[in-house]
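*Asks:* Take this structure, written in structure tokens, and hold onto it; I'll ask about it next.
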Amino acid sequence: MPAKSKAQQKAAGAALSAKRGETPKSKLQGASREMYESMSESELEDFASGSRKGKPEHVD
């Protein structure tokens, strides 16, 4: 299930980077930290993938 907004996609990308060890977990905050703790690497890949074109910045 791809993200529904640009903000979700960015948070998933940050969490994925931390899961892969490319970014320290301590740099995560908010939604990206929650995603890191609750989602698997493959779920994060799916969530972060896809084009950002046409997506709203935030979803209510």
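The values are calculated or read from the model by the stated rules, or taken from the named source; none is laboratory data. Predicted, not measured: the structure shown is a model, and the values here were computed from it. Virtual Cβ from ideal backbone geometry, glycine too; neighbours counted across all protein chains shown. SASA here: full protein model, heavy atoms, side chains in, ligands and nucleic acids out. Shrake-Rupley method; radii C 1.70, N 1.55, O 1.52, S 1.80 Å.
*Asks:* Summarise the accessible area of the chain (1.4 Å probe, protein heavy atoms) by the percent that is carbon and sulfur.
*Replies:* The value for the chain is 48 percent carbon and sulfur by accessible area.
*Asks:* Report, in deg cm²/dmol and to the nearest 500, the calculated mean residue ellipticity at 222 nm for the chain, where each DSSP H run with n ≥ 4 adds -39500 (n - 2.57) and the sum is divided by the residue count.
*Replies:* So the calculated ellipticity at 222 nm is -14500 deg cm²/dmol.
*Asks:* Right, another one. Hey, got a sec? Which trypsin sites (Lys or Arg not before Pro) in the chain land in a DSSP loop and have at most 15 other Cβ atoms within 10 Å?
*Replies:* Loop-located and lightly packed - 4, 20, 52, 53.
*Asks:* At 0.36 nm per residue, minus the direct Cα-Cα distance, what do residue 43 and residue 25 gain on full extension? Give it in nm, one decimal, please.
*Replies:* Stretched fully, the residue 43-residue 25 segment lengthens by 4.7 nm.
*Asks:* Return a whole-number percent for the relative contact order of the chain, with Cα pairs under 8 Å and 6 or more residues apart as the contact set.
*Replies:* The value is 55 percent.
*Asks:* Modelling each spin label as a point 7 Å along the Cα-to-Cβ direction, I'd like the residue 5/residue 52 distance in nm, to one decimal.
*Replies:* Each label point lies 7 Å from its Cα, and together they span 1.4 nm.
*Asks:* Evaluate the charge dipole of the chain about its Cα centre and quote only its size in Debye, nearest 20, assuming +1 on the Cβ of each Lys and Arg and -1 on the Cβ of each Asp and Glu.
*Replies:* It comes to approximately 280 debye.
*Asks:* Which whole-Hz ³J(HN,Hα) couplings does region 42-59 yield from phi under the Karplus relation 6.51 cos²θ - 1.76 cosθ + 1.60, θ = phi - 60°, glycine and proline marked x?
*Replies:* 3J(HN,Hα) across region 42-59, in whole Hz: 5, 5, 5, 4, 5, 5, 7, 6, x, 7, 8, 4, x, 8, x, 5, 9, 10.
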